[in-house]
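Structure record follows, encoded as structure tokens.
The values are calculated or read from the model by the stated rules, or taken from the named source; none is laboratory data. No experiment lies behind these values; they were computed from the predicted model shown. So basically every Cβ, Gly included, is an ideal-geometry build from the backbone, and we count neighbours across all protein chains shown.
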Amino acid sequence: MTRMDLMEKIVSLCKRRGFIYPGSEIYGGLTGFWDYGPLGTELKRNIKQEWWKSMVYEREDSVGLDAAIIMNPLVWEKSGHTKAFSDPLVECKLCHKRFRADEQEEIKNHEKDHQGKGEWTEPKKFNLLTEVYLGATEPKQKAYLRGEITQGVFVNFQNVVSSTRVKIPFGIAQIGKAFRNEITPGDFTFRSREFEQMELEYFIKPEEKEGEKMFAYWKEERINWYVNLGIRKEKLRFREHAADERAHYAKKAEDIEYESPFGWKEFEGIHHRGDFDLSNHGLKYQDLETGEMYTPWVIETSGGVDRAALFFLIDAYREEEKRVVLKLHPKLAPYKAAVFPLLANKPELTTKARLVFDMLRPVLRTAWDDRGNIGKRYFSQDEIGTPWCVTIDFQTLEDNTVTVRDRDTTKQERVKIDKLTEWFLKIIN
Ligand code: ATP
């Protein structure tokens, strides 16, 4: 299987089983936009929930925020985005198609369309912020859809400090949509025009040593989070940005990259933003104990929910002898369990199976399947990553046990119905 075959299979599985569909597909779609189906929605929710648990609930030093997507346009001026949030673009003089100047491969490929002739304009900066127009009367007020969720945290820095009991060092966590007018959306959901970010802005004292220590700390924390949720370690690496590729705000930046079928690709950045943002917004922090006043530095962890979902899916995808299996971590799997009556036409089995299904459903996302034979049902659940299949058979009617079949080992064991919920929760957690 070539790498691109793998991508085709994943895109097709996502569509066929309800993970990800092309956005507004019945009208021919819209480049750079995707819709998550019933299973993709669960996967994304699980990713966000695990992230929130680890970045907010399990910590004493962070709080959450949910800022508006559209902000006063002054925010984007002060943050430097109206000036510097851009990619250099070149335009094909023959057909006026535009490409990112740094995407040499795409440019070469495009030249093939013109029999190898390439005539390009000089690179020109293209701003990635998406404009929106507000109000009913002309002239309408121009604003932007946020290009990153980060600024919502900075503009609320003072609000959070004065309305909560946070003390430096502390973090503000946020998950939400961001929009970029990407020039070359592609690689499935990898580069979209609408996407979701999960970010922590961690505020520290402006000291070199503290900056280095916290930067190293957050790198470790974040890569371990992915590994603990099942991504193979050897598929991950850090890549440090060279001085000339660092974003306008960053003192230091390293990406967590995944070895995808389309190359090593970034899906989270750890950024040392220094005092760039708080200074630009004219914000300071006062230590209430010492009276000391200063502009904190910020270490940021900036991940993409969609890229994480895509790489979790790619990493979990396996083809084994007679089956396709998504080896998703149980915490991420859309369904934790599937319940089957051995035979659909035996009311004593289906009634009992319904009882088990009703017992599990409020606690764990559980699927029901009574179509076809058991082998087909296993096949179908393996393909969407359900870790356990529970079968109610004739022995169940005698001793109140069920068979639980494990997705990864395909081994079966008998578990008592009244111990089943506990049994699952213990393994998942
Ligand atoms: P790239 O170089 O791929 O354009 P970036 O360096 O501009 O990415 P950041 O500004 O650091 O990305 O954004 C942080 C995270 O947001 C990224 O690591 C990624 O997971 C996510 N992200 C950024 N742009 C997109 C996009 N167009 N589609 C999906 N996710 C994105």
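Some notes on this structure:
- Filter result for residue 340 (touching a Ser or Thr at 6+ places or on another chain (Cβ under 8 Å), within 16 Å of the ligand (Cβ to nearest atom) and not acidic (Asp, Glu)): no
- Candidates are the residues of segment 1-55 that are more than 20 Å from the chain's Cα centre (by Cα) and hydroxyl-bearing (Ser, Thr, Tyr); the one that is surrounded by the most Cβ atoms within 10 Å (Cβ to Cβ) is 24.
- Against the numbered list (1) within 14 Å of the ligand (Cβ to nearest atom); (2) touching a Phe, Trp or Tyr at 6+ places or on another chain (Cβ under 6 Å), residue 252 comes up short only at (2).
- Identity of the residue in segment 189-208, more than 10 Å from the ligand (Cβ to nearest atom) and outside any helix (DSSP H, G or I), that ends up farthest from residue 156 (Cα to Cα): 207
- When segment 342-370 is limited to residues that are in contact (Cβ under 8 Å) with a residue 12 or more places away in the chain and of a type in the set (S, T, N, Q), the one that is surrounded by the most Cβ atoms within 10 Å (Cβ to Cβ) turns out to be 366.
- Lone unmet requirement of (1) crowded, with 18+ Cβ neighbours inside 10 Å; (2) in contact with a helix residue (DSSP H, G or I) (Cβ under 6 Å, 6 or more places away or on another chain); (3) in a strand (DSSP E or B) for residue 259: (1)
- Put simply, of 141, 151 the only residue that is touching a helix residue (DSSP H, G or I) at 6+ places or on another chain (Cβ under 7 Å) and either under 27 Å from residue 31 (Cα atoms) or modelled with pLDDT of 95 or more (or both) is 151.
Okay, residues lined up against (1) modelled with pLDDT of 95 or more; (2) under 15 Å from the mean Cα position of the chain (by Cα); (3) not hydrophobic (A, V, I, L, M, F, W, C):
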| site | (1), (2), (3) |
| --- | --- |
| 189 | yes, yes, yes |
| 194 | yes, yes, yes |
| 205 | yes, no, yes |
| 208 | yes, no, yes |
| 216 | yes, no, no |
| 226 | yes, yes, yes |
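- The one condition from (1) over 27 Å from residue 315 (Cβ atoms); (2) touching a residue at least 24 places away in the same chain (Cβ under 8 Å) that residue 258 does not meet is (1).
- Residue match in segment 232-239 (condition: within 14 Å of the ligand (Cβ to nearest atom), modelled with pLDDT of 95 or more and aromatic (Phe, Trp, Tyr)): yes
- Residues of segment 407-427 classified as β-branched (Val, Ile, Thr) and loosely packed, with under 15 Cβ neighbours inside 10 Å, total: 3
- Residue count for segment 359-392, restricted to those that are within 15 Å of residue 424 (Cα to Cα) and not in a loop (DSSP other than H, G, I, E, B): 8
- Residues of segment 245-273 that turn out to be of a type in the set (Ser, Thr, Tyr) and over 23 Å from residue 105 (Cβ atoms), as a count: 1
- Residue count for segment 319-355, restricted to those that are farther than 13 Å from residue 378 by Cα and in contact with a Leu (Cβ under 7 Å, 6 or more places away or on another chain): 9.
- Residues of segment 298-328 that are within 16 Å of the ligand (Cβ to nearest atom) and in a helix (DSSP H, G or I): 305, 306, 307, 308, 309, 310, 311, 312, 313, 314, 315.
- Test result for residue 90, outside the structural domain of residue 302 (by TED's automatic domain parsing) and surrounded by 11 or more Cβ atoms within 10 Å (Cβ to Cβ): yes
- Filter pass, residue 30 being free of Cβ contacts under 8 Å to residues at least 60 places away in the same chain and within 16 Å of the ligand (Cβ to nearest atom): yes
- Summed over segment 393-426, the residues that are aliphatic (A, V, I, L, M) and assigned to a helix (DSSP H, G or I) give a count of 4.
- Selection of segment 406-429 for residues being of a type in the set (Lys, Arg) and within 18 Å of residue 352 (Cα to Cα) yields 414, 416, 419.
- Pairs meeting the criteria (first residue in segment 228-253 and closer than 14 Å to residue 266 by Cα and free of Cβ contacts under 8 Å to residues at least 24 places away in the same chain, second residue in a loop (DSSP other than H, G, I, E, B) and of a type in the set (Lys, Arg), beta carbons under 9 Å, at least 6 apart or on different chains) are 253/246.
- Every condition in (1) surrounded by fewer than 17 Cβ atoms within 10 Å (Cβ to Cβ); (2) within 12 Å of the ligand (Cβ to nearest atom); (3) more than 15 Å from residue 30 (Cβ to Cβ) holds for residue 212 except the one numbered (2).
- Which listed residue, of 118, 135, is modelled with pLDDT under 85 and farther than 30 Å from residue 275 by Cβ: 118
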